[in-house]
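J.: Right, I'll just put the structure down here and ask away after.
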Amino acid sequence: MPLDFTLTPEQEEIKALAHEFAEKEIRPVAPHYDETEEFPWPVLKKAHEVGLTPVAVMPEAYGGGGLDIISNMLIAEELHWGCAGIAVAITGTGLAAAAILAMGNEAQKKKWIGEFCNAKTPVVGAMGLTEPSAGSDAMAIQTSAKKVDGGYLINGAKQFITNGGIADLHVIFANTDPSAGAAGIAAFVVEKGNKGLSMGRKEKKLGVRASHTAQVILQDCFVPTENRLGGEPGDPDAGPGALGALLMLEHSRPAVAAGSIGIARAAFEFALDYAQQRVAFGKPIIKHEGIGFKLAEMAMNIDAARLLTWRAGWMAQNDMLFKRAEGSMAKAFSADMAMQVTLDAVQVLGGYGYIREYPVEKWMRDAKIYQIWEGTSEIQRLVIARAISGDRRPLTREQPKPQIRKAS
């Protein structure tokens, strides 16, 4: 029978490793980093040592672990079960790596993916796509890249960038020709030490506060020609350009969905344990239908989200097109589910859920961003609506997958 939800022994080991790491290394320090908004460097270094950073899923050809997509989602769920902010600090580099894999030529992949994989200490990446006036509409970016002798001068500003300004490698999207539409959008790798790149305001956030989010300012930032991902138009090994950015975001959605599930699971487990111990009117409150049914709904929706997410991951692993926007379905449903589950967890705990002595209010704050970043829930519904109606404009996935899907 071809349908099988059983994890392989290797996947079970990876899941157990990630859960143990989340339990022993993340949860004990999560309140500190949520309170201080410091970047959790010590935890990131430990995650790198045990193989739980994005290096684990990068292709073996460049020095990575070559883990499959489902394993990556298992890691994401467990790390987010520990703390979403710290999980993003550990995994956020994967966005920059995904951009390089999706759009870079072979020489660029060997250089920069090899740098991520072979360093003894973590090499941090940042992906600079969003701008103050360009979020969901990624093709509206105004950051410019002007061709000059030997390379490009980049000018502009990026907004809400994970690891922005502290990364070793920034992948910056810029417009090389406003008259060319999507064809004018290109991505450039800006390496650490480039004086033309600086960090703007570090954002103070509602949730995921251990993750570093900041503006990135580019002022006459010179990058050599060889730092343009995929090369220049006409190069024999040129990559997919702006299309690569859209595909990269589509490929990241199942892992983001898995993160949402981790947050929701943490909140559900805590609320369930509380409801079994808290007594009201002579019996545990889970025995009252108002609470028992709420917890039942939470459990059903978590499982439904995981099934959607695993389906999307399975499709990606098997080189299948997202013909009905299955990646967006997983991301939107999981994000909305996590928000509702964490809200319900606060409600189950009542007044205790509202105070910071208990972790459910933190999980509620963390969950909200998953309805916003990596494509808002509204944009996901637009993608789904276009897919089911047969509208094949650029927001849908209509091109063959790039190499990021392959683990060599």
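J.: Could you tell me which of the residues 307, 272 is aliphatic (A, V, I, L, M), surrounded by fewer than 20 Cβ atoms within 10 Å (Cβ to Cβ) and within 24 Å of residue 26 (Cα to Cα)?
T.: 272
J.: OK, next. Return the residue satisfying two criteria in turn: it lies in segment 129-145 and is assigned to a strand (DSSP E or B) and in contact (Cβ under 8 Å) with a residue 12 or more places away in the chain, and of such residues it is surrounded by the most Cβ atoms within 10 Å (Cβ to Cβ).
T.: Per the stated criteria, the residue is 145.
J.: So, residue 383, is that one surrounded by 17 or more Cβ atoms within 10 Å (Cβ to Cβ), within 24 Å of residue 291 (Cβ to Cβ) and among the β-branched types (Val, Ile, Thr) or not?
T.: No, not satisfied.
J.: Looking at 211, 179, which is the one that is touching a Lys or Arg at 6+ places or on another chain (Cβ under 9 Å) and outside any strand (DSSP E or B)?
T.: 211
J.: Continuing with the same structure: Restricted to segment 110-128, and to residues that are in contact (Cβ under 8 Å) with a residue 40 or more places away in the chain and part of a helix (DSSP H, G or I), which residue is farthest from residue 100 (Cα to Cα)?
T.: 118
J.: Quick one: which residue in 88, 57, 43 is crowded, with 18+ Cβ neighbours inside 10 Å, aliphatic (A, V, I, L, M) and modelled with pLDDT under 95?
T.: So the residue among 88, 57, 43 that is crowded, with 18+ Cβ neighbours inside 10 Å, aliphatic (A, V, I, L, M) and modelled with pLDDT under 95 is 57.
J.: Within segment 149-207, work out how many residues are farther than 19 Å from residue 103 by Cβ, of a type in the set (D, E, K, R) and surrounded by 21 or more Cβ atoms within 10 Å (Cβ to Cβ).
T.: Residues flagged as farther than 19 Å from residue 103 by Cβ, of a type in the set (D, E, K, R) and surrounded by 21 or more Cβ atoms within 10 Å (Cβ to Cβ) within segment 149-207 amount to 0.
Conditions tested, residue by residue: (1) at pLDDT 95 or above; (2) under 27 Å from residue 376 (Cβ atoms); (3) out of contact with any Asp or Glu (no Cβ under 7 Å at 6 or more places or on another chain).
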position	(1), (2), (3)
148	yes, no, yes
153	yes, no, no
162	yes, yes, yes
165	yes, yes, yes
182	no, yes, yes
206	yes, yes, yes
211	yes, yes, yes
217	yes, yes, yes
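J.: Go over the candidates 320, 329, 315 one by one and state the one that is outside any helix (DSSP H, G or I) and in the same structural domain as residue 260 (by TED's automatic domain parsing).
T.: 320
J.: Could you tell me how many of the residues in segment 356-370 are in contact with a Phe, Trp or Tyr (Cβ under 7 Å, 6 or more places away or on another chain), part of a helix (DSSP H, G or I) and not acidic (Asp, Glu)?
T.: Looking only at that region, the number is 1.
J.: Quick one: which of 252, 260 is modelled with pLDDT under 95 and either part of a helix (DSSP H, G or I) or farther than 19 Å from residue 19 by Cβ (or both)?
T.: 252 is the lone residue from the list that is modelled with pLDDT under 95 and either part of a helix (DSSP H, G or I) or farther than 19 Å from residue 19 by Cβ (or both).
The values are calculated or read from the model by the stated rules, or taken from the named source; none is laboratory data. Here the structure is a predicted model, which means the values were calculated and not measured. Counting neighbours? That spans all protein chains shown, and the Cβs are built from the backbone with ideal geometry, glycine included.
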